[in-house]
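Remarks on the structure that follows.
Derivation of every value follows stated rules applied to the coordinates shown; laboratory data play no part. It should be emphasised that the depicted structure is a prediction, and the values quoted were computed from it without experimental measurement. Cβ sites come from the backbone with ideal geometry, for glycine too, and all protein chains shown count toward neighbours.
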């Protein structure tokens, strides 16, 4: 939200648990079909992975609860996301967003967690509503062809979801294509974005020009200037997710 600002939670430690467990299980999986000992070892690795991942999921939801009021989540279902790619299917099967969502729903209830239509959240410009019809897979930066906004792709999607949570939205079909429209009243979307979203991304300071440490340094744009207001990461000494300097 504009009050809280942009918050980033580093979940790389959680992902590494699944990767390490996958490598261990793969080494014994072939023998599990004809060896009781291998099956016991495989079961031990699976339970260990589940328990360790659960601990991190609980910690991540604790952080989300501490900084958020109402939480908006993409209404995603794994069943409809599988493809013919084994690598992609493996990434989807070991993803943790569904587990984190269930914990949040159990702790905060239906009033505290809202599921939102994810369609176009990554391809719509959060500032002007322009839609990028090209494949964005692998792109880290969203570049708007309408207003020229350059912003981290995931952050742009998060802002779109926040706006859907705040204003509400409708879905309709135009020429056989789905379209999500915000129910905004009053100021146009771009004016609202510049007045409310932009200062929160820049720590309350509106970007008015270049900031240079060297005469030959290139002009710094919004994408380069934006930093998360709070950044949480796993601390192995505290065995918890702690706020670190940004």
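Things worth noting here:
- Relative contact order computed over the range 117-186 (Cα-Cα under 8 Å; 6+ residues apart), in percent: 27
- Hydrodynamic radius by Kirkwood, which averages 1/r over all alpha carbon pairs of the range 117-186, in angstrom: 12.4
- Pairwise Cα distances in the range 1-159 exceed 25 Å for 45 percent of all pairs.
- Descending by average beta-carbon neighbour count within 10 Å, the peptides 186-195, 141-150, 5-14 line up as 5-14, 141-150, 186-195, the highest first.
- Put a dot 7 Å past the Cα of residue 40, heading toward its Cβ, do the same for residue 134, and the two dots end up 5.7 nm apart.
- Label point distance in nm, residue 24-residue 183, each placed 7 Å from Cα along Cα→Cβ: 4.9
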